[in-house]
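Reading through the structure tokens given below for one structure.
Just so you know, all these numbers are worked out from the coordinates, no wet-lab data involved. As the structure is a computational prediction, the values presented were derived from the model and not from experiment. All Cβ positions, even for glycine, are placed from backbone atoms using ideal geometry, and neighbour counts span all protein chains on display.
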Amino acid sequence: MSQKIKPSLSKGTRDFLPREVAKRNYIFETIKAVFRKYGFEQIETPAIERLETLTGKYGDEGDKLLFKILNSGDYLKDVPDEVLTTHNSQLATKHIAEKGLRYDLTVPLARYVVQHKSEITFPFKRFHIGPVWRADRPQKGRYQEFYQCDADVIGSTSLWNEVELTQIFLEVYKALKIPVTILVNHRLYLQRIGDFVKQGAITAEIIAAFDKCDKIGIDGVLNELSKYGLSQEELNLLRNVLSGTINYLNIEIQESEEGKKAHNDLSKFFGQFTNESAVIFYPALARGLDYYTGIIWEVVCNGVQMGSIASGGRYDNLTEMFGGQNLSGVGISFGIERIYDVMEELNLFPDTISQGVKILFVPREPAVEEFTYTQVQTLRDAGIGAEIFLGNVKKQKQFDYATAKGILYIAEIGQDEVASGVFRVKNISTREEIRQNIDELLHLFISQQ
RNA sequence: GUGGCCAUAGUUCAGCUGGUUAGAACAUCAGAUUGUGGUUCUGAGGGUCGUGGGUUCGAGUCCCAUUGGCCACCCCA
């Protein structure tokens with residue numbers, strides 16, 4: 001107790017003020033409503049997972065970003081001396097940490113499905129909202145703790161799942177009034193391109209370079225790849241791929257079974273969205289996560305400089321890694337933090353977001369407090385949020401309080417009101433004043449809900 | 001993980017090339033006035049200059065480390 005600690009947050013994390021929470025909940029509720037409508041059920045899993053569950057699913061880069069949790073107790077006691085003297089962190093980690101914080105919600109889902117397969121009805125459609133952690137270097141719109149909002153279908157290979165999930169993207173962003181473009185590509189298709197160029201030796205490099213296409217352009221991508229000594233034919237193919245559309249697919253790519261399947265899937269998929277200009281084929285879309293194997297998405301906000309605000313894809317082999325039978329999965333993930341930032345920037349939050357309190361009653365003197373409290377309770381009993389303002393009688397304070405909490409109306413109660421039962425109810429934002437008794441008020445508020 | 005920029009009251013900033021008790025605006029709080037706020041008047045509180053070392057007679061100002069923010073790369077929501 002002797003030393004005072006300056007309050008501060010750990011890197012890349014944030015506190016949320018009541019106002020911010022209200023706005024975040026607005027986003028969560030909007031998404032949840034759509035998920036439920038499509039038959040997805042909510043689940044929860046622990047923030048902490050065993051490290052062996054998490055490691056090796058996100059690629060080498062991903063593994064580096066995992067938060068590890070030190071073992072309890074005397075965690076150095078049984079570490080062999082040779083491990084300590086090598087100063088090799090990776091080696092030492094195995095001895096001192098066997099738990100970590102989840103990196104996303106998809107890998108925990110795979111673990112969950114295998115573990116509970118006898119209790120689950122397949123196809124398993126679930127959604128999951130919760131924080132995930134990445135030891136990334138923070139930047140704007142990039143945090144070490146952030147929420148994901150996922151919907152996945154496990155145990156169905158039908159392409160209709162992809163169609164349905166795309167529909168969910170469209171519905172959610174329509175409800176939030178965010179103008180978006182949904183970029184779509186197919187991992188097999190990328191794979192096939194990789195196979196063709198340099199006999200597959202630089203597939204990973206091609207995918208990484210494609211991913212940067214929106215930043216550095218087609219020429220930039222080709223320029224970056226040219227250092228691997230590609231032939232003119234290969235360069236031409238890549239250029240055609242990057243500038244092509246779904247109808248323009250190079251014959252070489254279709255020559256294999258995989259290439260053919262990817263092409264057919266994409267064609268079928270886009271057949272469902274011929275009237276939807278927001279859904280486009282984007283051949284440069286790659287996505288870093290290693291586990292994707294089929295169609296992949298990325299949603300970007302039109303006209304706002306921000307990374308993707310949602311993404312997803314099909315993954316065929318994830319449950320296999322946990323010793324389960326191979327169940328194909330496909331899922332999408334909404335990035336709440338970025339959606340929030342975009343909505344702030346475009347001013348898309350409705351004014352009516354509040355704590356749910358409609359009216360603030362202000363007793364002018366102690367003698368009318370009891371009467372005022374009764375009125376407040378009457379509204380509350382009817383399900384209407386109402387508050388009584390006690391304490392400081394300064395008007396400015398009362399209005400500040402109501403404004404800060406998003407309360408819509410304010411009414412001062414004095415002896416006149418007690419006698420007549422009629423209140424002067426002022427709308428805080430429009431400053432209009434109406435005269436109503438408690439029943440009329442109740443009806444007004446009920447009609448507003 | 002690599003490289004770079006930044007850090008002064010709640011907020012936005014000022015503080016010249018190191019030199020006496022670190023300032024302003026807005027915000028906050030208190031008081032005056034007002035049967036209905038955002039105008040006005042009066043007054044007050046609040047910063048050991050992110051933190052810890054160092055150089056110097058003397059550091060908000062220079063150096064190092066550390067924490068946090070931001071940018072590029074990597075990667076990603």
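Of note:
- Checking every one of the trypsin sites (Lys or Arg not before Pro) in segment A:131-163 against DSSP loop status and a limit of 15 other Cβ atoms within 10 Å picks out A:Lys140.
- Residue with peak Gaussian network fluctuation, chain A [Cα springs, cutoff 10 Å], from A:Glu365, A:Glu344, A:Glu171: A:Glu365
- Per-residue ³J(HN,Hα) for segment A:202-219, Karplus 6.51 cos²θ - 1.76 cosθ + 1.60, θ = phi - 60°, Hz, x for Gly and Pro: 10, 4, 4, 5, 5, 4, 4, 5, 4, 4, 8, 4, 5, 8, 10, x, 4, 5
- Computed over segment A:357-448, relative contact order equals 30 percent, with contacts defined as Cα pairs under 8 Å that lie 6+ residues apart.
- Under-5 Å amide H pairs with A:Ile295, H placed in peptide plane, nonlocal only: A:Arg187, A:Arg314
- Shown in residue order for segment A:131-144 are the 3J(HN,Hα) couplings computed by the Karplus curve 6.51 cos²θ - 1.76 cosθ + 1.60 at θ = phi - 60°: x, 10, 10, 9, 7, 7, 6, x, 8, 5, x, 9, 10, 7 Hz (x for Gly and Pro).
- Exceedance of the 30 Å cut-off in Cα-Cα distance is limited, within the set A:Lys358/A:Lys395; A:Lys77/A:Lys117; A:Lys125/A:Lys358, to A:Lys77/A:Lys117; A:Lys125/A:Lys358.
- Listed from fewest to most Cβ neighbours within 10 Å, the set A:Asp104, A:Asp211 follows the order A:Asp211, A:Asp104.
- Taking all Cα pairs closer than 8 Å and separated by 6 or more residues, the relative contact order of chain A comes to 15 percent.
- Relative to the 2.2 N^0.38 Å rule of thumb, segment A:357-448 has a C-alpha radius of gyration ratio of 0.97.
- All Cα pairs of segment A:18-157, percent lying beyond 24 Å: 45
- In degrees, nearest ten, helix A:257-271 long axis to first principal axis of chain A (Cα): 30
- Of A:Gly335, A:Gly421, A:Gly303, the one that fluctuates the most in a GNM where chain A has Cα springs shorter than 10 Å: A:Gly421
- On Cα atoms only, tilt of A:18-37 relative to the major axis of chain A in degrees: 60
- Centroid-to-centroid, using Cα positions, segment A:399-417 and segment A:419-444 are 11 Å apart.
- C-alpha center-to-center spacing [segment A:1-73, segment A:313-342] in angstrom: 16
- Scanning chain A for chymotrypsin sites (Phe, Trp or Tyr not before Pro) lying in DSSP loops with no more than 16 further Cβ atoms inside 10 Å, the longest uninterrupted stretch between such sites is A:249-449.
- When the alpha carbon coordinates of chain A are projected onto the principal axes, the ranges are 91, 65, 47 Å, largest first.
- Using alpha carbons only, the radius of gyration of segment A:123-165 set against its Kirkwood radius gives Rg/Rh = 1.16.
- Counted by neighbouring Cβ atoms within 10 Å, the residues A:Arg126, A:Arg380 run from fewest to most as A:Arg380, A:Arg126.
- Candidates A:Gln396, A:Gln272, A:Gln325, ranked by Gaussian network fluctuation over chain A, Cα under 10 Å, top entry: A:Gln396
- Using alpha carbons only: equivalent-ellipsoid semi-axes of segment A:163-204, gyration tensor based, whole Å: 34, 10, 6
- Tilt relative to chain A, helix A:369-381 - C-alpha long axis, 0 to 90 degrees, to 10: 40
- Put in order of Cβ neighbour count within 10 Å, fewest first, the listed residues A:Thr274, A:Thr86, A:Thr378 become A:Thr274, A:Thr86, A:Thr378.
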